[in-house]
Amino acid sequence: MASPLLAHQALPDSFISLVAERRSIRAYQNKLVADSLLGEVLTLARQAPSGANLQPGSFISVVGAARQRLTADLTHAWRGGAHEPEDYTYFPSPMPMTLRRRQVAAAKALYGSIGVAQEDRAGRDLQFEQNFRFFDAPVALIATINGDFGSGGYMDFGMTLYGLMLAAQSQGLATCAIGAMASYPGLIRRSLSLDANSKIVCGIALGYADADAAVNQTVTERCTLDQYFRVIE
Ligand SMILES: Cc1cc2nc3c(=O)[nH]c(=O)nc-3n(C[C@H](O)[C@H](O)[C@H](O)COP(=O)(O)O)c2cc1C
């Protein structure tokens with residue numbers, strides 16, 4: 001039987017354009033994504049390699065009343081300044097100056113695109129709160145991993161996440177990973193009735209980009225090759 005993936009055999013340069021054109025998208029058209037298309041994107045994402053082919057991580061599509069409840073719970077917690085322990089550590093602590101500069105540059109690119117000044121706390125909060133609504137994207141995913149996995153499992157799942165982003169892009173869709181959700185793992189588990197060993201990796205917004213939205217004009221830079229590659233002989 002022919003592999004369903006063969007239909008996606010691409011021109012050699014299309015990977016380059018997928019990678020070059022992908023950006024985090026934070027405003028979406030009010031247009032539904034067909035379940036079959038989402039299934040196709042997830043199937044492509046699962047082609048990611050993983051150690052011993054364990055294929056760690058899974059996705060939950062949160063819809064209808066469950067999505068409304070989750071969004072309400074997250075927004076309420078965030079507005080109230082709630083804190084809870086995260087399932088995994090992310091940023092180095094303390095943050096070295098070189099990384100802090102990258103973080104600030106990314107924030108400036110995002111908030112600058114919507115005309116929010118660095119000192120405008122209310123404006124930044126308004127944008128940040130949209131994380132908890134999945135940026136009103138038609139598809140709201142929660143990415144989870146079994147808590148028995150260590151760092152390697154997260155690494156493998158990261159490949160799947162990038163695969164998902166590029167697969168979505170190849171189908172005319174856009175995405176934004178939402179690490180902000182990992183700040184409320186217990187709340188998410190309670191809201192979605194997940195077991196204690198389902199660790200919350202991030203949320204993912206997915207849908208058709210609103211190309212004209214100011215926030216989607218955000219462009220981030222990358223460090224130069226010599227900053228992350230060297231030869232030792
Ligand atoms: C795991 C992960 C978590 C992220 N979390 C958030 C988030 O909570 N909110 C947000 O607006 N962007 C989030 N982003 C998007 C990053 O800010 C973005 O990838 C980075 O600035 C580079 O920009 P680009 O994706 O447009 O190339 C996240 C990205 C990744 C990979």
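The values are calculated or read from the model by the stated rules, or taken from the named source; none is laboratory data. Everything quoted here is computed from the prediction, not taken from an experiment. All Cβ positions, glycine included, derive from the backbone under ideal geometry; neighbour counts span all protein chains shown. Heads up: the accessible areas ignore ligands, DNA and RNA and are worked out on the full protein's heavy atoms, side chains in. Shrake-Rupley method; radii C 1.70, N 1.55, O 1.52, S 1.80 Å.
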Residues of segment 184-218 that turn out to be within 20 Å of Phe149 (Cα to Cα) and either near the ligand (Cβ under 9 Å from one of its atoms) or not small (Gly, Ala, Ser) (or both), as a count = 12
Which one of the conditions (1) within 21 Å of Trp78 (Cα to Cα); (2) in contact (Cβ under 8 Å) with a residue 60 or more places away in the chain; (3) in contact with a helix residue (DSSP H, G or I) (Cβ under 6 Å, 6 or more places away or on another chain) does Leu141 fail to meet, given that it meets all the rest?
-> (3)
With a cut-off of at least 1 residues that are at pLDDT below 95 and open to solvent by less than 90 Å² (accessible area, probe 1.4 Å), name the helices (runs of 4 or more DSSP H) lying wholly within segment 1-96.
-> 14-21
List pairs: first in segment 30-51 and over 27 Å from Ala213 (Cα atoms), second open to solvent by less than 50 Å² (accessible area, probe 1.4 Å) and in a loop (DSSP other than H, G, I, E, B), Cβ under 8 Å, 6+ apart or cross-chain?
-> Ser50/Pro56
